[in-house]
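As C-alpha coordinates, the structure follows; a few thoughts come after it.
The values are calculated or read from the model by the stated rules, or taken from the named source; none is laboratory data. Everything quoted here is computed from the prediction, not taken from an experiment. All Cβ positions, glycine included, derive from the backbone under ideal geometry; neighbour counts span all protein chains shown. Surface areas here come from the heavy atoms of the whole protein model, side chains and all, with no ligands, DNA or RNA. Shrake-Rupley method; radii C 1.70, N 1.55, O 1.52, S 1.80 Å.
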Amino acid sequence: MAAERTERIRARYLIETPHDLAAVAEVMAGEQSCGTFTRVEGETDALRERARGTVEAITELDAASTPSLPNALLERKGAKGPWRRAHVDIAFPVANIGANLPTLAATVSGNLYDLGEVTGLRLESLQVPPAYRARFDMPRVGIAGTRRATGVAGGALVGTIIKPNVGLSASDTAELVGRLCAAGVDFIKDDEVCADPAHAPLAERVPAVMAVVRAHQERTGKHVMVAFNITDETDAMKRHADLVEREGGSCVMASLNWCGHSGIQTLRRHTPLALHGHRNGYGALSRHPLLGISFQAYQTLWRLAGVDHMHVHGLQGKFSQPDSEVIESAQDCYTPLTDAADDRVMPAFSSGQWAGTVPATWQAIGSDDLLFMAGGGILAHPDGAAAGVTSIRQAWSAARAGVPLADAARDQPELAHALAFFGKP
(Lines give C-alpha, C1' and ligand atoms only; values in the text may rest on other atoms or scores of the structure.)
Protein backbone atom coordinates (compact mmCIF):
# COMPACT_ATOMS: atom_id res chain seq x y z
CA MET A 1 0.00 0.00 0.00
CA ALA A 2 1.24 3.47 -0.86
CA ALA A 3 0.28 4.91 2.51
CA GLU A 4 2.13 2.15 4.34
CA ARG A 5 5.29 2.93 2.38
CA THR A 6 5.25 6.53 3.65
CA GLU A 7 3.85 6.12 7.18
CA ARG A 8 6.33 6.16 10.04
CA ILE A 9 6.37 5.08 13.67
CA ARG A 10 8.24 7.53 15.87
CA ALA A 11 10.29 6.55 18.90
CA ARG A 12 12.24 8.72 21.30
CA TYR A 13 15.22 7.32 23.18
CA LEU A 14 17.45 8.47 26.00
CA ILE A 15 21.02 7.35 25.29
CA GLU A 16 24.41 7.57 26.96
CA THR A 17 27.63 7.11 25.00
CA PRO A 18 31.25 8.28 24.85
CA HIS A 19 30.98 8.53 21.06
CA ASP A 20 29.69 11.13 18.65
CA LEU A 21 25.94 11.38 19.20
CA ALA A 22 25.01 11.66 15.53
CA ALA A 23 27.07 8.60 14.65
CA VAL A 24 25.46 6.54 17.41
CA ALA A 25 21.98 7.68 16.37
CA GLU A 26 22.67 6.47 12.82
CA VAL A 27 23.84 3.12 14.16
CA MET A 28 20.54 2.83 16.09
CA ALA A 29 18.44 3.68 13.05
CA GLY A 30 20.30 1.25 10.84
CA GLU A 31 20.46 -1.62 13.34
CA GLN A 32 16.66 -1.66 13.72
CA SER A 33 15.82 -1.31 10.04
CA CYS A 34 17.87 -2.20 6.97
CA GLY A 35 21.45 -1.75 8.13
CA THR A 36 24.17 -3.46 10.12
CA PHE A 37 27.68 -2.45 11.13
CA THR A 38 28.71 -2.23 7.45
CA ARG A 39 26.92 -2.02 4.13
CA VAL A 40 26.11 -5.49 2.79
CA GLU A 41 25.40 -6.91 -0.65
CA GLY A 42 22.09 -5.71 -2.01
CA GLU A 43 21.88 -2.75 0.36
CA THR A 44 21.40 -0.16 -2.35
CA ASP A 45 20.74 3.53 -1.90
CA ALA A 46 17.17 2.94 -3.09
CA LEU A 47 16.63 0.24 -0.49
CA ARG A 48 17.99 2.49 2.24
CA GLU A 49 15.73 5.32 1.12
CA ARG A 50 12.70 3.05 1.32
CA ALA A 51 13.38 0.97 4.41
CA ARG A 52 15.94 2.63 6.66
CA GLY A 53 15.00 4.21 9.94
CA THR A 54 15.71 7.92 9.92
CA VAL A 55 17.11 10.11 12.67
CA GLU A 56 14.76 13.07 13.06
CA ALA A 57 16.28 14.92 16.01
CA ILE A 58 19.08 14.79 18.57
CA THR A 59 18.85 16.86 21.74
CA GLU A 60 22.00 16.78 23.85
CA LEU A 61 21.61 16.72 27.63
CA ASP A 62 24.08 17.09 30.48
CA ALA A 63 26.91 14.57 30.38
CA ALA A 64 27.76 12.08 33.14
CA SER A 65 31.17 11.58 34.72
CA THR A 66 30.81 7.79 34.92
CA PRO A 67 28.99 5.28 32.73
CA SER A 68 25.56 4.14 33.93
CA LEU A 69 25.94 0.54 32.73
CA PRO A 70 28.91 -1.76 32.09
CA ASN A 71 30.00 -2.26 28.50
CA ALA A 72 32.69 -4.85 27.82
CA LEU A 73 33.31 -3.62 24.28
CA LEU A 74 34.00 -0.06 25.37
CA GLU A 75 36.10 -1.30 28.27
CA ARG A 76 38.24 -3.38 25.89
CA LYS A 77 38.73 -0.32 23.71
CA GLY A 78 39.66 1.82 26.71
CA ALA A 79 36.87 4.30 26.11
CA LYS A 80 36.92 7.36 28.32
CA GLY A 81 34.27 9.89 29.22
CA PRO A 82 32.61 12.24 29.22
CA TRP A 83 29.59 10.01 28.85
CA ARG A 84 27.35 12.09 26.65
CA ARG A 85 23.58 11.86 27.01
CA ALA A 86 20.90 12.86 24.55
CA HIS A 87 17.34 12.34 23.43
CA VAL A 88 17.27 10.76 19.99
CA ASP A 89 14.14 10.71 17.83
CA ILE A 90 14.00 7.98 15.17
CA ALA A 91 11.23 7.25 12.65
CA PHE A 92 10.75 3.69 11.38
CA PRO A 93 8.80 2.85 8.21
CA VAL A 94 5.50 1.09 8.88
CA ALA A 95 6.13 -1.03 5.78
CA ASN A 96 9.06 -2.72 7.53
CA ILE A 97 6.75 -4.01 10.23
CA GLY A 98 3.12 -4.30 9.16
CA ALA A 99 0.37 -5.01 11.68
CA ASN A 100 2.71 -7.23 13.68
CA LEU A 101 2.90 -6.28 17.35
CA PRO A 102 5.84 -8.51 18.38
CA THR A 103 7.87 -7.18 15.45
CA LEU A 104 6.93 -3.61 16.33
CA ALA A 105 8.25 -4.22 19.85
CA ALA A 106 11.39 -5.82 18.44
CA THR A 107 11.92 -2.88 16.11
CA VAL A 108 11.64 -0.08 18.65
CA SER A 109 13.55 -2.02 21.34
CA GLY A 110 15.24 -5.28 20.40
CA ASN A 111 19.00 -5.24 19.96
CA LEU A 112 19.26 -1.56 20.81
CA TYR A 113 19.80 -2.45 24.46
CA ASP A 114 22.86 -4.50 23.52
CA LEU A 115 24.59 -1.97 21.30
CA GLY A 116 28.30 -1.71 21.97
CA GLU A 117 28.21 2.05 21.44
CA VAL A 118 26.07 2.86 24.48
CA THR A 119 26.32 2.68 28.26
CA GLY A 120 22.65 3.47 28.65
CA LEU A 121 19.56 3.33 26.46
CA ARG A 122 15.88 3.73 27.30
CA LEU A 123 12.82 3.88 25.08
CA GLU A 124 11.10 7.03 26.31
CA SER A 125 8.05 7.37 24.06
CA LEU A 126 6.31 5.76 21.12
CA GLN A 127 3.89 7.35 18.66
CA VAL A 128 1.95 5.53 15.93
CA PRO A 129 0.01 7.06 13.00
CA PRO A 130 -3.82 6.78 13.00
CA ALA A 131 -4.08 4.37 10.06
CA TYR A 132 -1.56 2.07 11.68
CA ARG A 133 -3.31 2.15 15.05
CA ALA A 134 -6.57 1.21 13.28
CA ARG A 135 -5.02 -2.10 12.18
CA PHE A 136 -4.77 -3.29 15.78
CA ASP A 137 -7.31 -4.24 18.42
CA MET A 138 -9.22 -1.64 20.39
CA PRO A 139 -10.33 -2.10 24.00
CA ARG A 140 -13.64 -3.94 23.84
CA VAL A 141 -14.85 -2.67 27.21
CA GLY A 142 -12.66 0.24 28.27
CA ILE A 143 -13.76 2.92 30.72
CA ALA A 144 -17.37 3.28 29.62
CA GLY A 145 -17.95 -0.46 29.36
CA THR A 146 -16.49 -1.08 32.80
CA ARG A 147 -18.88 1.47 34.25
CA ARG A 148 -21.83 -0.13 32.43
CA ALA A 149 -20.94 -3.61 33.61
CA THR A 150 -20.63 -2.56 37.25
CA GLY A 151 -23.48 -0.06 37.23
CA VAL A 152 -21.21 2.69 38.55
CA ALA A 153 -22.22 5.79 36.62
CA GLY A 154 -20.11 8.21 38.65
CA GLY A 155 -17.34 8.19 41.21
CA ALA A 156 -14.26 6.04 41.36
CA LEU A 157 -14.74 2.28 41.20
CA VAL A 158 -13.71 0.82 44.55
CA GLY A 159 -12.01 -2.53 44.27
CA THR A 160 -9.99 -5.00 46.25
CA ILE A 161 -7.63 -7.93 45.85
CA ILE A 162 -8.10 -11.46 47.12
CA LYS A 163 -5.58 -11.80 49.95
CA PRO A 164 -3.93 -14.03 51.00
CA ASN A 165 -3.03 -14.82 47.43
CA VAL A 166 -2.23 -18.51 48.00
CA GLY A 167 -3.81 -21.19 50.13
CA LEU A 168 -7.52 -20.42 49.86
CA SER A 169 -9.63 -23.23 48.42
CA ALA A 170 -12.29 -22.56 45.81
CA SER A 171 -14.99 -22.55 48.47
CA ASP A 172 -12.89 -20.32 50.77
CA THR A 173 -12.43 -17.87 47.91
CA ALA A 174 -16.13 -17.88 47.11
CA GLU A 175 -17.01 -17.23 50.75
CA LEU A 176 -14.63 -14.26 50.83
CA VAL A 177 -15.98 -12.90 47.54
CA GLY A 178 -19.48 -13.13 48.97
CA ARG A 179 -18.46 -11.04 51.96
CA LEU A 180 -16.75 -8.50 49.72
CA CYS A 181 -19.84 -8.22 47.51
CA ALA A 182 -21.93 -7.60 50.60
CA ALA A 183 -19.36 -5.03 51.72
CA GLY A 184 -20.14 -2.96 48.64
CA VAL A 185 -17.09 -3.28 46.39
CA ASP A 186 -17.41 -2.71 42.65
CA PHE A 187 -14.44 -4.79 41.56
CA ILE A 188 -12.46 -7.78 42.87
CA LYS A 189 -9.28 -9.17 41.36
CA ASP A 190 -7.15 -12.23 41.92
CA ASP A 191 -3.56 -11.70 42.97
CA GLU A 192 -1.05 -12.02 40.14
CA VAL A 193 0.53 -15.16 41.61
CA CYS A 194 -2.76 -17.02 42.03
CA ALA A 195 -3.92 -18.32 38.65
CA ASP A 196 -4.73 -22.04 38.43
CA PRO A 197 -3.27 -23.60 41.60
CA ALA A 198 -3.90 -27.17 42.67
CA HIS A 199 -5.75 -26.08 45.83
CA ALA A 200 -8.16 -23.79 43.92
CA PRO A 201 -8.14 -24.59 40.19
CA LEU A 202 -10.04 -22.24 37.94
CA ALA A 203 -12.36 -25.09 36.94
CA GLU A 204 -13.60 -25.08 40.55
CA ARG A 205 -12.94 -21.48 41.58
CA VAL A 206 -14.76 -19.73 38.73
CA PRO A 207 -18.10 -21.57 39.21
CA ALA A 208 -17.90 -21.22 42.99
CA VAL A 209 -17.13 -17.50 42.89
CA MET A 210 -19.61 -16.67 40.16
CA ALA A 211 -22.39 -18.48 42.02
CA VAL A 212 -22.10 -15.96 44.87
CA VAL A 213 -21.65 -13.05 42.44
CA ARG A 214 -24.84 -14.03 40.62
CA ALA A 215 -26.71 -14.50 43.91
CA HIS A 216 -25.62 -11.04 45.04
CA GLN A 217 -26.74 -9.58 41.71
CA GLU A 218 -30.15 -11.27 42.00
CA ARG A 219 -30.62 -9.84 45.50
CA THR A 220 -29.36 -6.34 44.86
CA GLY A 221 -29.21 -5.75 41.11
CA LYS A 222 -25.50 -5.02 41.47
CA HIS A 223 -22.97 -6.87 39.31
CA VAL A 224 -19.53 -7.02 40.92
CA MET A 225 -16.78 -7.33 38.32
CA VAL A 226 -14.34 -10.11 39.20
CA ALA A 227 -11.02 -10.22 37.35
CA PHE A 228 -10.06 -13.90 37.36
CA ASN A 229 -6.35 -14.42 36.84
CA ILE A 230 -6.24 -16.71 33.81
CA THR A 231 -2.52 -16.24 33.09
CA ASP A 232 -1.41 -19.43 31.34
CA GLU A 233 -0.44 -20.95 28.01
CA THR A 234 -2.47 -19.35 25.22
CA ASP A 235 -4.96 -22.15 24.54
CA ALA A 236 -5.51 -22.60 28.27
CA MET A 237 -6.26 -18.88 28.65
CA LYS A 238 -8.90 -19.16 25.94
CA ARG A 239 -10.54 -22.08 27.76
CA HIS A 240 -10.43 -20.21 31.06
CA ALA A 241 -12.00 -17.12 29.47
CA ASP A 242 -14.78 -19.25 27.98
CA LEU A 243 -15.52 -20.67 31.43
CA VAL A 244 -15.71 -17.20 32.98
CA GLU A 245 -18.06 -16.05 30.21
CA ARG A 246 -20.31 -19.13 30.59
CA GLU A 247 -20.58 -18.47 34.32
CA GLY A 248 -21.70 -14.89 33.78
CA GLY A 249 -18.38 -13.21 34.53
CA SER A 250 -17.34 -9.91 32.99
CA CYS A 251 -13.55 -9.74 33.33
CA VAL A 252 -10.35 -11.74 33.11
CA MET A 253 -6.83 -10.77 34.13
CA ALA A 254 -3.50 -11.68 32.61
CA SER A 255 0.12 -10.98 33.54
CA LEU A 256 1.14 -9.05 30.45
CA ASN A 257 4.90 -9.47 30.56
CA TRP A 258 4.79 -13.23 30.96
CA CYS A 259 2.00 -13.96 28.47
CA GLY A 260 3.60 -11.80 25.79
CA HIS A 261 2.14 -9.59 23.10
CA SER A 262 0.99 -12.49 20.93
CA GLY A 263 -0.72 -14.25 23.83
CA ILE A 264 -2.61 -11.12 24.84
CA GLN A 265 -3.63 -10.41 21.25
CA THR A 266 -4.98 -13.93 20.91
CA LEU A 267 -6.91 -13.60 24.17
CA ARG A 268 -8.33 -10.20 23.16
CA ARG A 269 -9.57 -11.55 19.86
CA HIS A 270 -11.09 -14.58 21.53
CA THR A 271 -13.16 -13.06 24.33
CA PRO A 272 -15.53 -10.11 24.72
CA LEU A 273 -14.75 -9.89 28.43
CA ALA A 274 -12.90 -6.94 29.94
CA LEU A 275 -9.18 -7.61 29.83
CA HIS A 276 -7.43 -6.47 33.01
CA GLY A 277 -3.75 -6.00 32.22
CA HIS A 278 -1.42 -6.65 35.15
CA ARG A 279 2.07 -5.27 34.64
CA ASN A 280 3.95 -7.32 37.28
CA GLY A 281 7.59 -7.47 36.26
CA TYR A 282 7.52 -4.00 34.74
CA GLY A 283 10.06 -2.82 37.31
CA ALA A 284 12.68 -5.03 35.65
CA LEU A 285 12.09 -3.04 32.46
CA SER A 286 11.89 0.42 33.96
CA ARG A 287 13.56 1.04 37.31
CA HIS A 288 16.97 2.02 35.97
CA PRO A 289 16.76 5.54 34.52
CA LEU A 290 19.16 4.66 31.65
CA LEU A 291 17.74 1.28 30.71
CA GLY A 292 14.50 -0.27 29.55
CA ILE A 293 11.22 1.35 28.62
CA SER A 294 9.06 4.16 29.94
CA PHE A 295 5.43 3.54 30.78
CA GLN A 296 4.24 5.69 27.89
CA ALA A 297 5.91 3.41 25.36
CA TYR A 298 5.11 0.27 27.37
CA GLN A 299 1.38 0.95 27.60
CA THR A 300 1.24 1.93 23.94
CA LEU A 301 2.29 -1.59 22.94
CA TRP A 302 -0.21 -3.22 25.28
CA ARG A 303 -3.03 -0.96 24.21
CA LEU A 304 -2.39 -2.05 20.64
CA ALA A 305 -3.06 -5.55 21.97
CA GLY A 306 -6.51 -4.38 23.13
CA VAL A 307 -6.37 -4.31 26.94
CA ASP A 308 -9.12 -2.48 28.86
CA HIS A 309 -7.41 -1.80 32.21
CA MET A 310 -3.75 -1.03 32.95
CA HIS A 311 -2.04 -1.12 36.34
CA VAL A 312 -0.20 2.07 37.30
CA HIS A 313 0.53 1.34 41.00
CA GLY A 314 -0.68 3.91 43.53
CA LEU A 315 0.15 7.28 45.02
CA GLN A 316 1.96 7.19 48.36
CA GLY A 317 2.05 3.42 47.90
CA LYS A 318 4.34 0.61 48.96
CA PHE A 319 6.36 0.28 45.76
CA SER A 320 9.39 2.14 44.45
CA GLN A 321 7.81 4.47 41.88
CA PRO A 322 7.65 8.17 42.77
CA ASP A 323 4.19 9.70 42.75
CA SER A 324 5.10 11.71 39.65
CA GLU A 325 5.58 8.50 37.67
CA VAL A 326 2.24 7.10 38.86
CA ILE A 327 0.50 10.31 37.83
CA GLU A 328 2.16 10.34 34.40
CA SER A 329 1.21 6.68 33.91
CA ALA A 330 -2.44 7.38 34.64
CA GLN A 331 -2.45 10.31 32.23
CA ASP A 332 -0.93 8.03 29.59
CA CYS A 333 -3.92 5.69 30.02
CA TYR A 334 -6.30 8.62 29.53
CA THR A 335 -4.56 9.86 26.38
CA PRO A 336 -5.80 8.37 23.09
CA LEU A 337 -2.99 6.86 21.05
CA THR A 338 -4.18 8.93 18.09
CA ASP A 339 -6.81 11.57 17.45
CA ALA A 340 -8.78 9.20 15.25
CA ALA A 341 -10.40 7.02 17.93
CA ASP A 342 -11.19 6.89 21.64
CA ASP A 343 -9.05 4.01 22.82
CA ARG A 344 -8.51 5.20 26.39
CA VAL A 345 -8.15 2.54 29.06
CA MET A 346 -8.98 2.59 32.76
CA PRO A 347 -5.97 2.98 35.06
CA ALA A 348 -5.89 0.62 38.05
CA PHE A 349 -4.43 2.13 41.21
CA SER A 350 -3.14 -0.35 43.77
CA SER A 351 -0.30 -1.02 46.22
CA GLY A 352 -0.76 0.24 49.76
CA GLN A 353 -3.96 2.14 48.98
CA TRP A 354 -6.52 3.10 51.63
CA ALA A 355 -8.75 6.00 52.56
CA GLY A 356 -5.74 8.12 53.47
CA THR A 357 -4.28 7.99 49.96
CA VAL A 358 -7.51 9.16 48.31
CA PRO A 359 -6.91 12.95 48.61
CA ALA A 360 -3.53 12.76 46.89
CA THR A 361 -5.06 10.63 44.14
CA TRP A 362 -7.95 13.00 43.50
CA GLN A 363 -5.74 16.08 43.64
CA ALA A 364 -3.27 14.59 41.16
CA ILE A 365 -5.66 12.87 38.76
CA GLY A 366 -8.85 14.92 38.99
CA SER A 367 -10.89 12.11 37.50
CA ASP A 368 -13.23 9.41 38.77
CA ASP A 369 -12.44 7.15 35.83
CA LEU A 370 -10.19 4.77 37.71
CA LEU A 371 -10.09 1.57 39.69
CA PHE A 372 -9.06 2.39 43.25
CA MET A 373 -8.03 -0.97 44.67
CA ALA A 374 -7.27 -1.54 48.31
CA GLY A 375 -6.37 -4.92 49.74
CA GLY A 376 -5.43 -4.29 53.35
CA GLY A 377 -7.16 -0.90 53.23
CA ILE A 378 -10.47 -2.77 53.00
CA LEU A 379 -9.89 -6.23 54.42
CA ALA A 380 -7.81 -5.03 57.39
CA HIS A 381 -10.14 -2.21 58.48
CA PRO A 382 -10.72 -2.66 62.23
CA ASP A 383 -14.50 -2.63 61.76
CA GLY A 384 -14.51 -5.06 58.86
CA ALA A 385 -14.49 -5.00 55.08
CA ALA A 386 -17.77 -3.08 54.71
CA ALA A 387 -16.37 -0.30 56.88
CA GLY A 388 -13.20 -0.35 54.80
CA VAL A 389 -15.18 0.19 51.59
CA THR A 390 -17.27 2.90 53.23
CA SER A 391 -14.18 4.69 54.51
CA ILE A 392 -12.80 4.90 50.98
CA ARG A 393 -16.06 6.22 49.56
CA GLN A 394 -16.24 8.76 52.40
CA ALA A 395 -12.67 9.84 51.69
CA TRP A 396 -13.44 10.15 47.98
CA SER A 397 -16.47 12.35 48.63
CA ALA A 398 -14.47 14.53 50.99
CA ALA A 399 -11.59 14.90 48.56
CA ARG A 400 -13.88 15.88 45.71
CA ALA A 401 -15.52 18.48 47.95
CA GLY A 402 -12.17 19.84 49.13
CA VAL A 403 -12.82 18.82 52.74
CA PRO A 404 -9.81 17.62 54.80
CA LEU A 405 -10.20 14.00 55.87
CA ALA A 406 -9.82 14.87 59.55
CA ASP A 407 -12.81 17.19 59.27
CA ALA A 408 -14.87 14.69 57.30
CA ALA A 409 -14.09 11.97 59.84
CA ARG A 410 -15.73 13.83 62.74
CA ASP A 411 -19.15 12.41 61.95
CA GLN A 412 -18.09 9.40 59.87
CA PRO A 413 -16.79 6.64 62.13
CA GLU A 414 -15.62 4.35 59.31
CA LEU A 415 -13.30 7.03 58.02
CA ALA A 416 -12.24 8.04 61.52
CA HIS A 417 -11.31 4.48 62.43
CA ALA A 418 -9.40 4.04 59.16
CA LEU A 419 -7.36 7.17 59.86
CA ALA A 420 -6.61 6.05 63.39
CA PHE A 421 -5.73 2.49 62.40
CA PHE A 422 -3.75 2.93 59.18
CA GLY A 423 -2.05 6.22 59.91
CA LYS A 424 -2.39 9.93 59.43
CA PRO A 425 -3.91 11.21 56.17
Query raised in the report: Looking at S324, is it more than 16 Å from A297 (Cβ to Cβ) and open to solvent by less than 50 Å² (accessible area, probe 1.4 Å)?
Result: no
Query raised in the report: Only one residue in Q331, Q394 is open to solvent by 50 Å² or more (accessible area, probe 1.4 Å), part of a helix (DSSP H, G or I) and touching a helix residue (DSSP H, G or I) at 6+ places or on another chain (Cβ under 9 Å). Which one?
Result: Q331
Report task. Could you list, in sequence order, all residues of region 254-275 that are more than 21 Å from I143 (Cβ to Cβ) and under 14 Å from the mean Cα position of the chain (by Cα)? Result -> S255, N257, W258, C259, G260, H261
Report task. Please work out if V88 is open to solvent by less than 40 Å² (accessible area, probe 1.4 Å) and either out of contact with any strand residue (DSSP E or B) (no Cβ under 8 Å at 6 or more places or on another chain) or closer than 30 Å to G376 by Cα (or both). Result -> no
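If we keep just the residues of region 199-220 that are among the charged types (D, E, K, R) and in contact (Cβ under 8 Å) with a residue 24 or more places away in the chain, which is least open to solvent (accessible area, probe 1.4 Å)?
Going through the qualifying residues, I end up with R205.
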**Report entry** Residue among G30, G81 that is surrounded by 12 or more Cβ atoms within 10 Å (Cβ to Cβ), in a helix (DSSP H, G or I) and modelled with pLDDT under 95
**Finding:** G30
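Does region 244-262 contain at least one residue that is of a type in the set (D, E), in contact with a Ser or Thr (Cβ under 7 Å, 6 or more places away or on another chain) and not assigned by the TED database to the domain that holds P67?
yes
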Query - Every pair of residues 6+ apart whose Cβ atoms lie under 6 Å, when the first sits in region 313-339 and is among the β-branched types (V, I, T) while the second is crowded, with 23+ Cβ neighbours inside 10 Å and in a loop (DSSP other than H, G, I, E, B) - result: V326/V312; V326/H313; V326/L315
Report task. Exactly one condition in (1) within 14 Å of T173 (Cβ to Cβ); (2) open to solvent by 60 Å² or more (accessible area, probe 1.4 Å); (3) in contact (Cβ under 8 Å) with a residue 60 or more places away in the chain is not met by D196; state its number. Result -> (3)
Report summary line: Taking region 65-78 and keeping residues out of contact with any strand residue (DSSP E or B) (no Cβ under 9 Å at 6 or more places or on another chain) and open to solvent by 50 Å² or more (accessible area, probe 1.4 Å) leaves P70, A72, L73, E75, R76, K77
Report task. For region 291-302, state whether one or more residues are in contact (Cβ under 8 Å) with a residue 40 or more places away in the chain, part of a loop (DSSP other than H, G, I, E, B) and in contact with a His (Cβ under 8 Å, 6 or more places away or on another chain). Result -> no
Report task. Would you point out which residue out of E117, E124 is in the same structural domain as R10 (by the TED database), touching a His at 6+ places or on another chain (Cβ under 6 Å), over 20 Å from G263 (Cα atoms) and open to solvent by 10 Å² or more (accessible area, probe 1.4 Å)? Result -> E117
Report summary line: Here the residues within region 404-425 that are open to solvent by 60 Å² or more (accessible area, probe 1.4 Å) and outside any helix (DSSP H, G or I) are P404, K424, P425
Requested in this report: Consider only pairs whose beta carbons are under 8 Å apart and that are at least six residues apart or on different chains; among these, list those whose first residue lies in region 55-81 and is under 24 Å from E31 (Cα atoms) and whose second residue is aromatic (F, W, Y).
Outcome: P67/W83; S68/W83
Query raised in the report: Exactly one of (1) modelled with pLDDT of 95 or more; (2) under 22 Å from H381 (Cβ atoms) is unmet by N165. Its number?
Result: (1)
